[in-house]
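Quick notes on the structure that follows.
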Amino acid sequence: MQNLLNRLNIDKYILMLVGTVLLASIEPARGIMAEIAEWIANAAIVALFFLHGARLSRQAVIEGASNWRLHLVVSVMTFGIFPLIGLAVHALPGIDPGIATGLLFLTLLPSTVQSSIAFTAMARGNVAAAVCSASFSNLAGIVLTPVLVAALMTAKSGGFSLHAVETIVVQLLLPFMAGHLLRPLIADWVMRNKALLTFVDRGSILMVVYTAFGAAVVKGIWHQVSLGDLSVIALLSSAMLAAVLTISFLIARWMRFSPEDSIVLQFCGSKKSLASGVPMAGVLFPAAQVGAVILPLMFFHQIQLMVCAYLARRYATRQE
């Protein structure tokens, strides 16, 4: 089974996410249990961003920060060109409004950290620069993603209320800052317990997905989303990824980046973070809307893993 998953480039964690969606669809939390599940999910979001802050190495950022041209272009791809592609997709006629909202939301998210660095290393790119770009993207995304949601999705999200600002600060920004400030004290513990922290990371996201889809199921999401809609999500997610990979390739050639830096731009500039996106959606959108919003992100996440794994192997072979 494991060999089959490896050949198909299917992440086991994606199967766990699918299983969580199925569980939420069959047995969603209701009443007092829904309130308890939501409380646990909110606590998980706080823990998740605390750990993100604790893992952000200042030394890695300092070492990679000298390559400012590359980091600037990665940021423009992540928070500029990608959202423009999302707006174009959002404006397409005939797309379900909920799906269009989810597709636009995923384009506003920061880049991933772990997979961006892993694929850069696999492709023999500039790993130090990838660490810096991906880390900065996640740090900037805590502020930029809510701002972009407010600016570009006002009609869907209702803009920024005072309560929304307070929630973002309390659940995202303060835990992240606390984790980073405490890093000198807990860095050794973090390094010794990577497996435990990965479990906490993934368990937190699964909890948020369960509560989000449970609330959406109670509101009738599977009566609103058809197999045709899921096909549209997969098709448009693939098209957006192809577009951003092509644009990043052309920009790297135009700016005459080295092959190693071009690889960083491809992988850091094309990724969107499931780990950040799911909890952010839980904070930025009403509970009943979160399930539909994160559905395109889950599709995109698996597609980007499969495509980038293929590209990384191809680049590594070419480098050899």
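The values are calculated or read from the model by the stated rules, or taken from the named source; none is laboratory data. For clarity, every value in this text was computed on a predicted model and none was experimentally measured. Don't worry about glycine lacking a Cβ; one is built from the backbone with ideal geometry, like all the others, and counts go over all protein chains shown.
Listed by position, the helices (runs of 4 or more DSSP H) enclosed by the stretch 182-288 that each have at least 2 residues that are within 17 Å of the chain's Cα centre (by Cα) and in contact (Cβ under 8 Å) with a residue 40 or more places away in the chain are 194-218, 227-254, 259-270, 274-284. Take the conditions (1) at pLDDT 80 or above; (2) under 22 Å from I294 (Cα atoms); V18 misses just one of them, which is (1). The set of residues from the stretch 280-291 being at pLDDT below 80 and either in contact with a Pro (Cβ under 7 Å, 6 or more places away or on another chain) or crowded, with 24+ Cβ neighbours inside 10 Å (or both) comprises G282, V290, G291.
Among the candidates G214, G228, G291, G269, the residue that is over 30 Å from N126 (Cβ atoms), out of contact with any Gly (no Cβ under 9 Å at 6 or more places or on another chain) and among the small types (G, A, S) is uniquely G228. Mind checking whether some residue in the stretch 261-269 is surrounded by fewer than 24 Cβ atoms within 10 Å (Cβ to Cβ) and at pLDDT below 85? Checked the stretch 261-269: no residue is surrounded by fewer than 24 Cβ atoms within 10 Å (Cβ to Cβ) and at pLDDT below 85.
Beta carbons closer than 7 Å, at least 6 apart along the sequence or on distinct chains, pair a first residue in the stretch 77-103 that is farther than 20 Å from T145 by Cα with a second that is not aromatic (F, W, Y) for I95/V232; D96/D229.
S133 satisfies every condition listed in (1) surrounded by 21 or more Cβ atoms within 10 Å (Cβ to Cβ); (2) in contact with a Pro (Cβ under 9 Å, 6 or more places away or on another chain) except (2).
Checking the stated criteria, M240 turns out to be out of contact with any Phe, Trp or Tyr (no Cβ under 7 Å at 6 or more places or on another chain) and either of a type in the set (F, W, Y) or surrounded by 24 or more Cβ atoms within 10 Å (Cβ to Cβ) (or both). One residue alone among L109, L92, L104 is within 20 Å of V293 (Cβ to Cβ), in contact with a Ser or Thr (Cβ under 9 Å, 6 or more places away or on another chain) and either surrounded by 21 or more Cβ atoms within 10 Å (Cβ to Cβ) or not hydroxyl-bearing (S, T, Y) (or both), and that residue is L109. Cβ-Cβ distances below 6 Å connect the following pairs, each with a first residue in the stretch 31-51 that is more than 17 Å from L197 (Cα to Cα), a second residue that is of a type outside the set (V, I, T) and not in a helix (DSSP H, G or I), and a separation of six or more residues or different chains: A37/A29. Kindly indicate whether I81 is buried (at least 18 other Cβ atoms within 10 Å of the Cβ), of a type outside the set (S, T, N, Q) and at pLDDT 75 or above. So I81 fits the description; yes.
Is one or more of the residues making up the stretch 166-187 closer than 21 Å to G19 by Cβ and surrounded by fewer than 22 Cβ atoms within 10 Å (Cβ to Cβ)? No, every residue in the stretch 166-187 fails to be closer than 21 Å to G19 by Cβ and surrounded by fewer than 22 Cβ atoms within 10 Å (Cβ to Cβ).
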